[in-house]
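One structure is given below, encoded as structure tokens.
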Amino acid sequence: MSKKLLLKDAHIEGIRYFDVYRKQGGYQAAEKALKMTPEEILEEVKTSGLRGRGGAGFPTGMKWSFLAKPEGIPRHLVVNADESEPGTFKDRYLMEHIPHILIEGIIIASYCLGSNASYIYIRGEYSWIPDILEAAIEEVRNAGFLGKNILGTGFDLEIYVQRGAGAYVCGEETALLESLEGKRGNPRLKPPFPAVKGLWERPTVVNNVESIAAVVPIINMTGAEYAKIGVGRSTGTKLISACGNINKPGVYEIDMTITVEEFIYSDEYCGGIPNGKRLKACIPGGSSVPILPANLLLKTIKGEPRYMNYESLSDGGFATGTMMGSGGFIVLDEDQSVVEHTMTLSRFYNHESCGQCTPCREGTGWLYRILKKIVNGEGEMKDIDLLWDIQRKIEGNTICPLGDAAAWPVAAAIRHFRDEFEYYVKTPELAKVKPFGLAHY
Ligand code: NAD
Ligand code: SF4
């Protein structure tokens, strides 16, 4: 059974409220941290090996150490709660059920970074959660953990909750900052990174909800103890939101030592695939990471078991970076059509493109239209190569990762399921009714 750090008290009635959270040891980490120096906290976070839980997996301690500290210029912590990645809903769960672990993490991180005004930017569709967060913030203020001179330490902090307006691209950190400043959420060119020029051109750290919540157990147990959980550079625990063709969709906390097979089939997690169907494919880390067929999901190319961690979840060297992504685990059984699934994603990315870069603005539209043509039974063989060509021209040629995120699912679908695309072109009438064969098991 995986060790639980973030969700260990999730089953306790009323854990959403300050008194109950406090009774379970809540805010002890904040009390401890406020007696430490910011440098000591930073050292603990670095030692923990915590990697950004929003999707990129960038080391959190390193990001904090990049924060510029020019004399007389305020710095900010901004929590990215714009969780919009298809298949990802773990931050929603955390904020809805245990909001105080996020608020406590913000207090510790703000003190460490020297932020006296910190922000939670939350996606507009999570319309009921800002009220939960604001109620929690009020409780914490009444308990003396927010406001002026917190616990007599001389440290002041205000936390503000800002609602987004429903744009996926505002989850990209620089678009988020633009939106927070009251402008249209267009991503900025990086560098400069927010650590140097962020909110109102001030040094800013942007961290995901789960990353900030993880700071609480790190301070409670020490970074060294946190680093002992997990394996290699995948330290600590990770929240996974599991959905698709599984018996038990939901949010699970794993310690990154379990195999993908165990995660899908064990009763402790997804509980297997309904109706005795077979596994066809899975998107292991939210729609921005490539789809993996069952044979590559359960075993690596070398034949070793595939583990649920940053190192093991890769596309056999095809895709860059980790496929752990945002932890949005989408399972497809043998009845699902990868071609139709890819078309749905392409429609999404085309709709969400902000339109600044030509390859993304035009390319995502082309991808969607060609995929739609194939799904509608009007595709030609050359369309498959055209899709490949277009995605290649988007990848790496845009301001923000939305372009790559639109290209990769198409590339992976063609790479691993080309026969299915060809099947649609050759036998459109049969493809609509399925089946797609078991070529991928
Ligand atoms: P990134 O790799 O560009 O950056 C990661 C973080 O490290 C950023 O905060 C960046 O500012 C910082 N950083 C990197 N190099 C730095 C440097 N030299 N100096 C200072 N700071 C530096 O990735 P990203 O754009 O933040 O995230 C992309 C990922 O987001 C995708 O892989 C996808 O998985 C994920 N994603 C998640 C969601 C969601 O809802 N959770 C939605 C869309 C995408
Ligand atoms: Fe906008 Fe797409 Fe360019 Fe990102 S890649 S800045 S979403 S056009």
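The values are calculated or read from the model by the stated rules, or taken from the named source; none is laboratory data. Being a predicted model, the structure only gives us computed values, none of them experimental. Neighbour counts are summed over all protein chains in view; Cβ atoms, including those assigned to glycine, are modelled from backbone coordinates with ideal geometry.
Things to note:
- Residue selection: Tyr93 fails the criterion of being among the hydroxyl-bearing types (Ser, Thr, Tyr) and farther than 30 Å from Tyr168 by Cβ.
- Tallying residues that are assigned to a loop (DSSP other than H, G, I, E, B) and crowded, with 24+ Cβ neighbours inside 10 Å within the range 58-83 yields 2.
- Of everything listed in (1) in contact with a Phe, Trp or Tyr (Cβ under 9 Å, 6 or more places away or on another chain); (2) within 19 Å of Cys400 (Cβ to Cβ), the single unmet condition for Gln336 is (2).
- Top-ranked residue in the range 178-200 [being of a type in the set (D, E, K, R) and more than 9 Å from ligand 1 (Cβ to nearest atom); ranked as nearest to Val161 (Cα to Cα)]: Glu181
- Of the criteria (1) within 15 Å of ligand 1 (Cβ to nearest atom); (2) under 22 Å from the mean Cα position of the chain (by Cα), which one Cys357 fails: (2)
- Single match in Glu172, Glu253 (criterion: within 16 Å of ligand 2 (Cβ to nearest atom), over 19 Å from Pro74 (Cα atoms) and crowded, with 16+ Cβ neighbours inside 10 Å): Glu172
- Looking at Ala175, Ala214, Ala167, just one residue is within 16 Å of ligand 1 (Cβ to nearest atom) and touching a Pro at 6+ places or on another chain (Cβ under 9 Å), and that residue is Ala175.
- The residues on offer are Asp91, Asp131, and the sole one that is in contact with an Asp or Glu (Cβ under 6 Å, 6 or more places away or on another chain) and in a helix (DSSP H, G or I) is Asp91.
- Here Ser266 fulfils each of the conditions (1) touching an Asp or Glu at 6+ places or on another chain (Cβ under 8 Å); (2) polar (S, T, N, Q); (3) surrounded by fewer than 16 Cβ atoms within 10 Å (Cβ to Cβ) apart from (1).
- The residues of the range 62-76 that are more than 12 Å from ligand 1 (Cβ to nearest atom) and in contact (Cβ under 8 Å) with a residue 12 or more places away in the chain, listed by number, are Lys69, Pro70, Ile73, Pro74, Arg75, His76.
- Residue match in the range 363-374 (condition: of a type outside the set (Gly, Ala, Ser) and within 13 Å of ligand 2 (Cβ to nearest atom)): yes
- Here Glu44 meets each of (1) surrounded by fewer than 22 Cβ atoms within 10 Å (Cβ to Cβ); (2) charged (D, E, K, R); (3) at pLDDT 95 or above with one exception, condition (1).
- Restricted to the range 377-400, and to residues there that are touching an Asp or Glu at 6+ places or on another chain (Cβ under 8 Å) and within 13 Å of Arg361 (Cα to Cα), the residue that is surrounded by the most Cβ atoms within 10 Å (Cβ to Cβ) is Ile394.
- Checking Lys302, Lys280 one by one, the residue that is of a type in the set (Lys, Arg) and closer than 28 Å to Arg51 by Cα is Lys302 and no other.
- If you go through the range 1-31 and pick out every residue that is charged (D, E, K, R), more than 19 Å from Asn220 (Cα to Cα) and touching a residue at least 60 places away in the same chain (Cβ under 8 Å), you end up with 1.
- Residues (within 12 Å of ligand 2 (Cβ to nearest atom) and of a type outside the set (A, V, I, L, M, F, W, C)) located in the range 175-184: Glu178, Arg184
- The conditions of being aliphatic (A, V, I, L, M), touching a Lys or Arg at 6+ places or on another chain (Cβ under 8 Å) and within 15 Å of ligand 2 (Cβ to nearest atom) are not met by Ala411.
Table: residues versus (1) of a type in the set (Gly, Ala, Ser); (2) part of a helix (DSSP H, G or I); (3) in contact with a Gly (Cβ under 9 Å, 6 or more places away or on another chain); (4) within 16 Å of ligand 1 (Cβ to nearest atom).
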residue: Ile330; (1), (2), (3), (4): no, no, yes, yes
residue: Tyr349; (1), (2), (3), (4): no, yes, yes, yes
residue: Gly363; (1), (2), (3), (4): yes, yes, yes, no
residue: Tyr368; (1), (2), (3), (4): no, yes, no, no
residue: Lys372; (1), (2), (3), (4): no, yes, no, no
residue: Asp385; (1), (2), (3), (4): no, yes, no, no
residue: Ile399; (1), (2), (3), (4): no, no, no, yes
